[in-house]
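One structure below.
Please treat every number below as a calculation from the coordinates, not as lab data. Computed from a predicted structure; not experimentally measured. In this analysis, Cβ positions are derived from the backbone assuming ideal geometry, glycine residues included, and neighbour counts consider all displayed protein chains.
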Amino acid sequence: MQTLQKTPNLKTGYSILIISLCACFLFYKYILQIYPSVITDQLMAEFHLTGAGLGNLAATFYYALTVTQLFVGVMLDKYSARWITAIAIFLCALGVFLFSMSETVLTACLSRGLMGIGVAFATVSYMKLGSVWFTPRRYPLIGGLLATAAMAGAVFGQAPLSWLIGMWSWRTCLFVTGIIGFALALLFAFVVRDVPDELSHEIKKTPITHKDILQVVKSKQNWLLTLYAGLAFSPVAVFGGLWGNPFIQQAYHLNKIQSASMVSLVFLGLGIGSPLLGILSGYLDVRRNLMFYCTLLSCAAITIVVYCHPLPSWLLAVLLFGFGFGLGAFVLVFTVGKELNKLSLTATVIAMINMSDPILDAITEPAIGKLLDVFWDGKIVNGVHYFSISSYHAALSVLPIYLICAALLLLRIKDRAPAQNVA
């Protein structure tokens with residue numbers, strides 16, 4: 001195992017090509033995750049949905065993702081990451097392709113579920129292939145760039161996608177998105193290899209056993225990391241993925257494209273913050289303290305945005321960027337998980353840590369929609385439920401609560417330096 005940790009495997013641009021294709025999958029994943037937030041009115045009107053109904057439609061994505069996540073890590077550790085990931089991308093493309101043609105809520109939900117199954121592999125594939133194609137010294141930076149790729153997709157899924165939908169239609173845009181996904185699946189299948197040649201013999205010597213998996217599941221630290229990951233990232237997914245846009249439009253009196261541009265700053269901040277904080281954590285040789293203070297920074301920023309409006313546009317932009325930038329430290333949780341476990345179990349550990357986010361997203365998105373319905377005063381505008389500011393205040397209170405709980409969990413998580421990596 002120690003050989004795996006020390007092999008300098010970044011010898012050519014091929015490693016960069018592999019991680020770039022993995023990054024494209026992440027980019028694609030977040031377009032699929034985010035797009036409902038820019039067509040909330042269209043979906044509610046076309047499928048005759050309430051707030052809870054829209055939340056449940058969006059959450060179908062997370063239900064499927066959560067169930068699939070249980071098997072992702074073991075599959076990628078045990079079988080070919082190349083072919084499994086290519087099939088996963090194909091399922092994503094098929095899902096969005098079918099959603100673009102959906103005429104009923106049922107077919108829309110099934111299509112979202114298909115997307116959820118596919119995207120369950122995106123983060124874990126990236127971190128798995130990164131662990132074998134890059135040295136441990138570069139791993140925190142590679143982990144940080146994961147969020148950069150993902151948030152680039154999320155940014156595109158806001159204002160640019162909103163603009164394209166305005167130019168054409170949401171069905172046309174999603175149809176084209178599906179075609180692009182099919183092309184990416186083919187490219188991944190024909191270009192990517194599972195491991196460098198010099199590591200293939202070593203990895204075959206370390207098969208995954210039930211005992212190894214049980215060791216991962218029994219680790220208290222792994223469960224603390226898992227819970228932290230969900231609580232820290234869910235506010236970004238919930239605010240940026242569905243409810244942030246309508247709230248910003250109403251609270252700050254912005255149109256759809258302006259609101260989408262503001263919300264995209266959350267993803268921009270996260271995309272910039274993740275690699276920078278990854279580099280900083282490697283330089284300082286700390287993980288936990290950096291994650292703790294950055295989580296509190298994000299909590300303060302989103303609390304001000306939700307409860308202290310109206311704010312000047314420049315200050316709103318700074319706070320939304322700060323909200324995302326602070327949560328850029330979230331991806332360090334994957335580095336900590338890798339350092340606390342065997343390299344051969346990287347995908348299993350990453351999948352476990354990544355599992356809590358879709359679970360909380362699947363619970364929180366419809367829960368916020370239900371809270372909005374509970375506080376709804378019966379007003380309807382253009383056939384769509386109109387929620388008051390006080391309704392949003394009550395419903396969105398879960399976001400700072402999640403972040404406070406996440407920060408408290410960090411106090412019980414070990415801060416393990418790279419030099420102490422477990423073989």
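Spin-label pair residue 296-residue 376: with each label point 7 Å from Cα along the Cα-Cβ axis, the two points sit 4.0 nm from one another.
At 0.692 mPa s and 37 °C, plugging the Kirkwood radius over alpha-carbon pairs of the chain into Stokes-Einstein gives what diffusion coefficient in µm²/s? Please report the intermediate quantities before stating the final value.
Values: Rh = 21.4 Å.
It diffuses with D of about 153 µm²/s by this estimate.
Arranged from fewest to most other beta-carbon atoms within 10 Å of their beta carbon, 31, 279, 165 become 279, 165, 31.
Averaged over residues, the count of other Cβ atoms within 10 Å places the peptides 223-235, 96-108, 15-27 in the sequence 223-235, 15-27, 96-108, highest first.
On a 0 to 90° scale, report how tilted helix 220-238 is relative to the longest principal axis of the chain, with both axes built from alpha carbons and the result rounded to the nearest 10. Orientation of helix 220-238: about 30 degrees from the principal axis. Take the cross-link list 128/211; 29/414; 29/256; 128/220 and give me the ones stretching past 26 Å between alpha-carbons. Beyond 26 Å between Cα atoms: 29/414. Segment residue 17..residue 190, full-extension length gain: 61.0 nm, with 0.36 nm per residue of separation and the alpha-carbon distance subtracted. Specify whether the C-alpha gyration tensor of segment 257-311 places it in the rounded, prolate or oblate class, a ≥ b ≥ c being the square roots of the eigenvalues: rounded for a/c under 1.5, otherwise prolate if a/b is larger than b/c and oblate if not. In terms of gyration-tensor shape, oblate.
For segment 1-133, the alpha carbon convex hull comes to 108 Å³ per residue, rounded to a whole number.
In this calculation the C-beta distance from residue 46 to residue 220 is compared with R0 = 30 Å, giving a FRET efficiency of 0.05. Selection among 14, 354, 244 by position relative to the dipole of the chain gives 14 as farthest towards the positive end (Cβ unit charges, Cα centre). Can you tell me the 0 to 90 degree angle between the C-alpha axis of helix 139-156 and the longest principal axis of the chain, rounded to 10? With both axes taken from Cα atoms, the answer is about 20 degrees. For the chain, the longest principal axis of the C-alpha atoms and the axis of helix 13-34 are separated by about 30°. For segment 95-148, dividing the convex hull volume of the Cα atoms by the residue count gives 76 Å³ per residue. From the P(r) of segment 66-178, could you give the percentage of C-alpha pairs in the tail past 19 Å? In whole percent, the long-distance tail amounts to 56.
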